[in-house]
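These notes are about the structure you will find just below.
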Amino acid sequence: MSSTQSERLRELLEPLVSSQGLDLEEIAVDTVGRKRVLRVVVDSDTGADLDRIADVSRALSAKLDETDAMGSGEYTLEVGTPGAERLLTEHRHYVRATGRLVGFRLTVGDELVARILRTDDDGLDLEVPGVKGRKPTARRLAFDEIDRARVQVEFNRKDDKSAAQDATGTNDTNDTNDTDDTNDETEEEA
């Protein structure tokens, strides 16, 4: 997708997503065979359940149908959330990941896996899990020390998950919710 089309789509869709109480995280147009797929990723501090995804999908579909932003050809609209192993790129992403285990690649080349305890404007307070029966340790990590960060999936977390929920005020069980809305206009009808 060209940056011009991406910018135009973002300008068109972001106000609608914001009006639904969500943040527009990503827009991508991919070609699959003869069809195009418009993928829109949304999120919020409180998460986005299936009903919210469906509501924003209907609003986006209606807006796209009344404009020529996607052209006259057939396309599929997919609206979803970032998913369980989301890449953390914005300050708000780190705030939303409070209580979660995150894999970090540091600017000095080291790798680190730690739980985010607190996020402020300068960086993160982390809990680094203990190894071989040792107790976890605290660590401070400045944002400029982070090259890349990705949330890790935890299947068998032994400590109290409600502590993480209390810290963020959310229940982070909706990892990925997708709703498809297909533009019914075919190339022959266009």
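The values are calculated or read from the model by the stated rules, or taken from the named source; none is laboratory data. Since the model is a prediction, treat every value here as computed from it, not as a measurement. Glycine gets a Cβ as well: all are built from the backbone with ideal geometry, and neighbour counts include every protein chain shown. Side chains included, ligands, DNA and RNA excluded: accessible areas come from the protein's heavy atoms. Shrake-Rupley method; radii C 1.70, N 1.55, O 1.52, S 1.80 Å.
To the nearest 0.05, how large is the calculated FRET efficiency for Glu145 and Arg92 if R₀ is 25 Å and r is the Cβ-Cβ distance? Rounded to the nearest 0.05, the efficiency is 0.85. Sequence-ordered 3J(HN,Hα) estimates for region 14-31 from the Karplus curve with 6.51, -1.76 and 1.60 and θ = phi - 60° stand at 4, x, 5, 5, 4, 5, 8, x, 10, 9, 7, 8, 7, 10, 8, 10, 10, 9 Hz, glycine and proline given as x.
Starting from 0 in steps of 5 Å, tell me what percent of the Cα-Cα pairs of region 1-118 lands in each bin. P(r) for region 1-118, in whole percents per bin: 2, 10, 19, 19, 17, 12, 10, 6, 4, 1. Using only side-chain charges placed at the Cβ, +1 for Lys and Arg and -1 for Asp and Glu, the dipole size of region 10-121 relative to its Cα centre rounds to 280 debye. One decimal place: the segment Arg105-Glu85 gains 5.7 nm when fully extended, by the rule 0.36 nm per residue minus the C-alpha distance.
Take the Cα of Ala62, step 7 Å toward its Cβ, do the same at Lys135, and the gap between the two points is 5.7 nm.
Going by accessible surface with a 1.4 Å probe and the largest first, Val42, Val108 read Val108, Val42. Just to verify a number: FRET efficiency for Ser72 and Asp49, C-beta to C-beta distance, R0 = 25 Å, to 0.05? Rounded to the nearest 0.05, the efficiency is 0.15.
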